[in-house]
Amino acid sequence: MNALFSELLASGPVVTDGAWGTLLYMSGLPMGDSPDAWNLTHADRVEKVARSYTEAGAQIVLTNTFGANRLTLKKHGLADRAAEINRAGVEISRRAAAGRARVFASIGPTGLMLMTGETSEDELDAAFEEQAEALAKGGADALVVETMLDPAEAASAVRAAKRTGLPVVACMTYSAGKKKDRTVMGTTPEQAVEVLTQAGADAIGSNCGQGVEGFIPICQRLHAASPLPIWIKANAGLPEMENGEVVYKTTPEQFAAHVKPLVEAGASFIGGCCGTNPEFIRAVRKTLAA
Amino acid sequence: MADLNALRQAVINGDHTSARRITEEALGENTDPLQIVTGCLVPAMDEVGRLFEEEEYFIPEMLLAARAMKESMELIRPRLTATGAPSSGRAVIGAAKGDLHDIGKNLVASMLEGAGFDVHDLGVDVPPEKYVEAVKTVKPHLVCISTLLTTTMPALKKTIDAIDAAGLRDSVKIMVGGAPVTQQFADEIGADGYGENARSAVQKARELTARGAA
């Protein structure tokens, strides 16, 4: 294991952060706008999200750079500001963490399909390389490739992240199939382990796509297939609609009740995805400390 | 003689080169274009949908099959129009306002086309007023709205409400879909139908338009 992960995991499983998007929308981000652009225009509000997680006890905070690759930013007319947005994103999380938490910078999918020719391997490689380099320059401690659906795109991002010399976490989203154990592209946890390990991942994981209970079998399978540390970021159940608002019904306590089973299933890094907030992270931290 | 069984198999296998070649052969021999669609493409896409539900096919296989079907349809469509063959109905489809994701929406659009619908694709990030406009101009039998994000789920309701407010609600059937959408959610916002996946969306579309036409 790399030195950073060894140090972090020396005293047991580590708490990461929770959802960012929902908190940014609550701070006034208009629907359909680029959340990542806020690193330049609303840095104070982005920093508040990162700080809320640090204060809740997160030992690792991510960055507001999930969609900050030039292919996604292009949809908002911001392709040429990719490097700047990524660097700013890391700097914001570092300020918020203020040495109390490590900053793992987020790299999400482009949303373009390789197999239909919407993008090419070369275009993906270049976009992820640009993003990973900027994140490393901003001072990230590690890089997290997350919410990936297509193994080819995930591998491109992991290879680019790896070239920076930083440790790399690689996660895919399992939400398809009767057992919700495939990505929408049909990838199984075992196939993901093979592809992501070969691309150079230092930790393997899963985030988003389903409620926390569904992550236990996924975690077991990832752990059985790989000696690498396992990273889990689960949703707060499935979204429901109430009075025109999207709500998640899982409570922080219900979520935290799955922490021990996740650790038993092999999880080393535990946090939340859609529908979670600092209260969830506080509850996870408390459970792990107990 | 063009081998229509082989065409069906080519679509199922996602082999667009063969699909195009056999379609050209068949049309060259003056095969009834409607016969190719109903006897060949529709059953092929049904089978693709079944394989998807059986979890033998995932999105990559679906996309390849849809492409093969589309290439065949492109050759057939001019002939169909020339013979005045009836379509299954007109459908307007798009991703909800604020949502830039189109993989699922495109898949449903292709499958609807494969089922003989005349599909008008409004694209992504479609505001409610654009749907209202399309309902007025296209006069569809069916409106399909998709969302991948949970954050844009309320836009589905706003779109239905806008069509209602424009006094057009009774003229169309409305279907919703996308990863976070459930039957319960579809019922809550007053949609007529919901498809858990592309195949069930097409089945529902057939049901709804058959009822609408009665």
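Listed values, structure above:
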{"read-out": "Of B:Lys105/B:Lys157; B:Lys105/B:Lys204; A:Lys178/B:Lys204; A:Lys74/B:Lys70; A:Lys74/B:Lys139; B:Lys105/B:Lys173, those spanning more than 22 Å from alpha-carbon to alpha-carbon", "value": "A:Lys74/B:Lys70; A:Lys74/B:Lys139"}
{"read-out": "Label-zone membership for the stretch A:98-123, site A:Ser27, 7 angstrom Cα→C-beta point, backbone N under 20 Å", "value": "A:98-108"}
{"read-out": "Pair-distance profile P(r), taking every C-alpha pair of the stretch A:121-266, with 10 angstrom steps and integer %", "value": "12, 38, 32, 16, 2"}
{"read-out": "Relative contact order (%) - criterion: Cα under 8 Å, at least six apart; region: chain A", "value": "19"}
{"read-out": "Alpha-carbon Rg with Dmax, taken over the protein assembly as shown, Å", "value": "23.7, 77"}
{"read-out": "Euclidean distance between Cα centres, the stretch A:1-78 to the stretch B:57-101, Å", "value": "38"}
{"read-out": "Which of A:Trp38, A:Trp231 has the fewest Cβ neighbours within 10 Å, and the rest in rising order", "value": "A:Trp38, A:Trp231"}
{"read-out": "All aspartates and glutamates inside 14 Å of B:Lys136 as judged from Cα atoms, apart from same-chain residues fewer than 8 positions distant", "value": "B:Asp164, B:Asp170"}
{"read-out": "All Cα pairs of the stretch A:67-163, percent lying beyond 19 Å", "value": "37"}
{"read-out": "Proxy reagent accessibility, fewest Cβ within 10 Å first, across A:Met26, B:Met111, A:Met113", "value": "A:Met26, A:Met113, B:Met111"}
{"read-out": "24 Å tail of the calculated P(r), the stretch B:89-213, as % of Cα pairs", "value": "12"}
{"read-out": "Beta bridge orientation in chain A: antiparallel %, DSSP, nearest 5", "value": "15"}
{"read-out": "Stokes-Einstein translational diffusion, the stretch B:4-83 - Kirkwood Rh over all Cα pairs, 1.002 mPa s, 20 °C, in µm²/s", "value": "174"}
{"read-out": "Folded to 0 to 90 degrees: helix B:4-13 orientation relative to chain B principal axis, Cα", "value": "50"}
{"read-out": "Footprinting exposure proxy for B:Phe58, A:Phe104, A:Phe269, B:Phe185 (fewest neighbouring C-beta atoms within 10 Å first)", "value": "B:Phe58, B:Phe185, A:Phe269, A:Phe104"}
{"read-out": "Helical mean residue ellipticity (222 nm; -39500 (n - 2.57) per DSSP H run of 4+; nearest 500) of the protein assembly as shown", "value": "-15000 deg cm²/dmol"}
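Read-outs throughout are calculated quantities, based only on the coordinates presented, and are distinct from any laboratory measurement. Just so you know, these numbers come straight off a predicted model, no measurement behind them. Cβ: placed from backbone, ideal geometry, glycine included. Neighbour counts: every protein chain shown.
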